[in-house]
Amino acid sequence: MATANQRVRVMIVDGDSAMSRYLSSHLAKRNFDLSIAASGEEALRIFRSLDPGLVLMDVSLPGMTGMETLSRLRHIKPDVSVIVISAQNNPELIFKASKLGADEYIAKPFDLKDLDLRITRVIEKQHAAVDAPQLRDQVRGDTEFSMLFGTSPKMEDVKMTIEKVADTNATVLIRGESGTGKEMVARMVYAQSGRRDKAFVKVNCAAIPHELLESELFGYEQGAFTGANRQKLGKFDQANNGSIFLDEISEMHPALQAKLLHVLQDGEFARLGGKRDIAVDVRVLAATNKPLERAVAQGSFREDLFYRLNVVTIHIPPLRERREEISVFLDFFLNKYSHYYGKNPPPFSENAIGRMMDYTWPGNIRELENLVKRYTIVGNEPQIIRELSTHKPIVTSTDITEEEIEIADFPATAGRAQTKSLGASVDGLSGTPSLLEIGKKAAMKAEREAIERVLSQTKWNRRQAAKILRISYKALLNKLKLIEEQDQAKAEQKTA
């Protein structure tokens, strides 16, 4: 193990205490800080408080399943590194774990040398992302960037805009659907700017709870709140003289928007608990997959901040509007992950490529990359084709109108079915429900069907489903909890 691993905290999640002790004993000798969780629920609590750099997790856990735990960890911190360890060595499980974002999958029993190799590979990947931005940008400039912007007329227009604006200090707003490559555009602006030798700091505004985002962005002074035992520098401190990339800027809480506006206007901010303003020289690059004009009209996004961010706008078209790039991306990602995982899968067949060319790619480049990654690991082309065939196109929140939302959420078939089920009660001599009650029940049933349909389309990606349904992520979780309670009550009635 490299000495750089000394500062890495590893969380072991395994219901088998003997296995946890075995792994912790081995990793302690290699200078890792360790935390142990015996269940998914305990893992989430530890993860939120200690923020480990790597998670080793069994999929067979008491209570919450390993896959659900993995999914929730990725929601809390999308870039968390996870190595799945399991006695179940079947392709379907490996496929699912990879789809949920696992970096590696190791089958029990395993050799400790193999485990060390996998951990080293994941840690080196982390260090490459954090400690060597210039090297990474140079590599991407020669590969992903040139590929992304050189194979379609629409992306050539994007490239020309980047070249014009890169070597200025202008704030840039990057717009496009999820997965289109907004971060790549931000990094290309940075790589071609006069700040390329300084820091590039990324903050995902949606991934960090708004209660914590202020201290993450602006830091805090010692004694600012209970537990603040030392001063903490924020992301704007770290990005001084460089660039900061604020991803999913539309999710920033209105209270923080005012503080960001102050930075953009005056180049100053105050840390939590601080008594003076701090001057910084930071170029702001922001990205959103939502129409900010609508957010401004609804009052959830400050109009003055919108105009400050919207100095230069770069629109990235979705992959379905530049299909000529699909085959190029397929070749690139297949070579990339074949080398990364040490595998040699056969090239995609003409049939598979044809299906991919016809597919709408609602998740854009990110979805295509994950598909190729799964194929590289599992090597099951028929499974990939089945997935493309059964996956219905998803309409994104930026593509639908209010009227279409109402029609989609309350299908006529649901209303007819609900009316039929209520018929006996209406016709009876007693217990006749009011029209208000009938309407409420029909609406609840239609709402449930809409939620289940969108969750099925997004393969239970609840954040994406919430965006499509145009409700907050928390509201969707509350509705799912209510549906679960209703189902449980019905089950108890049947068994009573």
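Just one of the listed residues (LEU260, LEU309, LEU305, LEU246) is surrounded by 16 or more Cβ atoms within 10 Å (Cβ to Cβ) and in contact (Cβ under 8 Å) with a residue 60 or more places away in the chain, namely LEU309. Of all the residues in region 45-103, those that are within 20 Å of SER24 (Cβ to Cβ), hydrophobic (A, V, I, L, M, F, W, C) and in contact (Cβ under 8 Å) with a residue 40 or more places away in the chain number 7. Looking only at residues of region 139-153 that are surrounded by 14 or more Cβ atoms within 10 Å (Cβ to Cβ) and outside any loop (DSSP other than H, G, I, E, B), we find that the one that is modelled with the highest pLDDT is PHE149.
Among residues of region 166-189 being among the polar types (S, T, N, Q) and in contact with a helix residue (DSSP H, G or I) (Cβ under 9 Å, 6 or more places away or on another chain), the one that is farthest from LYS154 (Cα to Cα) is THR171. The C-beta contact set for region 184-198 (first residue in contact (Cβ under 8 Å) with a residue 12 or more places away in the chain, second residue of a type in the set (Gly, Ala, Ser) and in a helix (DSSP H, G or I), distance under 8 angstrom, 6+ apart or interchain) comprises MET188/GLY141; ALA191/GLY141. The residue that is farthest from the chain's Cα centre (by Cα), counting only those in region 22-57 that are assigned to a strand (DSSP E or B) and buried (at least 21 other Cβ atoms within 10 Å of the Cβ), is ALA37. Which residues, taken from region 292-316, are out of contact with any Gly (no Cβ under 7 Å at 6 or more places or on another chain) and either part of a strand (DSSP E or B) or closer than 24 Å to LYS159 by Cβ (or both)? Matches in region 292-316: LEU292, LEU309, ASN310, VAL311, VAL312, THR313, ILE314. The residues listed here are ALA28, ALA38; of these, the one that is at pLDDT 90 or above and either outside the structural domain of LYS202 (by TED's automatic domain parsing) or farther than 30 Å from THR458 by Cα (or both) is ALA38. Listed by first and then second residue, the pairs with beta-carbon distance under 7 Å, at least 6 apart or on different chains, first residue in region 323-344 and of a type in the set (Lys, Arg), second crowded, with 19+ Cβ neighbours inside 10 Å, are LYS343/THR376. Exactly one residue out of LEU50, LEU56, LEU44 is under 23 Å from GLY101 (Cα atoms) and modelled with pLDDT of 90 or more, and it is LEU56. Within region 314-325, identify whether any single residue is farther than 29 Å from ASP167 by Cα, outside the structural domain of ILE244 (by TED's automatic domain parsing) and touching a helix residue (DSSP H, G or I) at 6+ places or on another chain (Cβ under 7 Å), and answer yes or no. Scanning region 314-325, I find at least one residue that is farther than 29 Å from ASP167 by Cα, outside the structural domain of ILE244 (by TED's automatic domain parsing) and touching a helix residue (DSSP H, G or I) at 6+ places or on another chain (Cβ under 7 Å), so the answer is yes.
Does region 214-230 contain any residue that is among the basic types (Lys, Arg) and under 28 Å from the mean Cα position of the chain (by Cα)? Within region 214-230 (the criterion being among the basic types (Lys, Arg) and under 28 Å from the mean Cα position of the chain (by Cα)), the answer is no, since none of the residues qualifies. Could you tell me whether region 228-238 includes any residue that is farther than 23 Å from GLU183 by Cα and among the polar types (S, T, N, Q)? Within region 228-238, one or more residues are farther than 23 Å from GLU183 by Cα and among the polar types (S, T, N, Q).
Taken over region 72-95, residues that are within 17 Å of the chain's Cα centre (by Cα) and either assigned by TED's automatic domain parsing to the domain that holds GLY227 or under 22 Å from ARG121 (Cα atoms) (or both) amount to 8. Of the residues making up region 344-388, those that are under 18 Å from GLU104 (Cβ atoms), in a helix (DSSP H, G or I) and touching a Phe, Trp or Tyr at 6+ places or on another chain (Cβ under 7 Å) number 7.
Take LYS275 and decide whether it is assigned to a loop (DSSP other than H, G, I, E, B) and touching a residue at least 60 places away in the same chain (Cβ under 8 Å). So LYS275 does not fit the description; no. Would a scan of region 220-233 turn up a residue that is in a strand (DSSP E or B) and over 28 Å from ARG366 (Cβ atoms)? Within region 220-233, one or more residues are in a strand (DSSP E or B) and over 28 Å from ARG366 (Cβ atoms).
Could you say which residue among SER349, SER338 is exposed (fewer than 13 other Cβ atoms within 10 Å of the Cβ) and either within 25 Å of the chain's Cα centre (by Cα) or not β-branched (Val, Ile, Thr) (or both)? One residue alone meets the criteria, SER349. Checked against (1) outside any helix (DSSP H, G or I); (2) not assigned by TED's automatic domain parsing to the domain that holds MET160; (3) not aliphatic (A, V, I, L, M), SER338 meets all criteria but (1).
The values are calculated or read from the model by the stated rules, or taken from the named source; none is laboratory data. Everything quoted here is computed from the prediction, not taken from an experiment. Because the Cβ atoms are built from the backbone with ideal geometry, glycine has one as well, and the counts that use them run over all protein chains shown.
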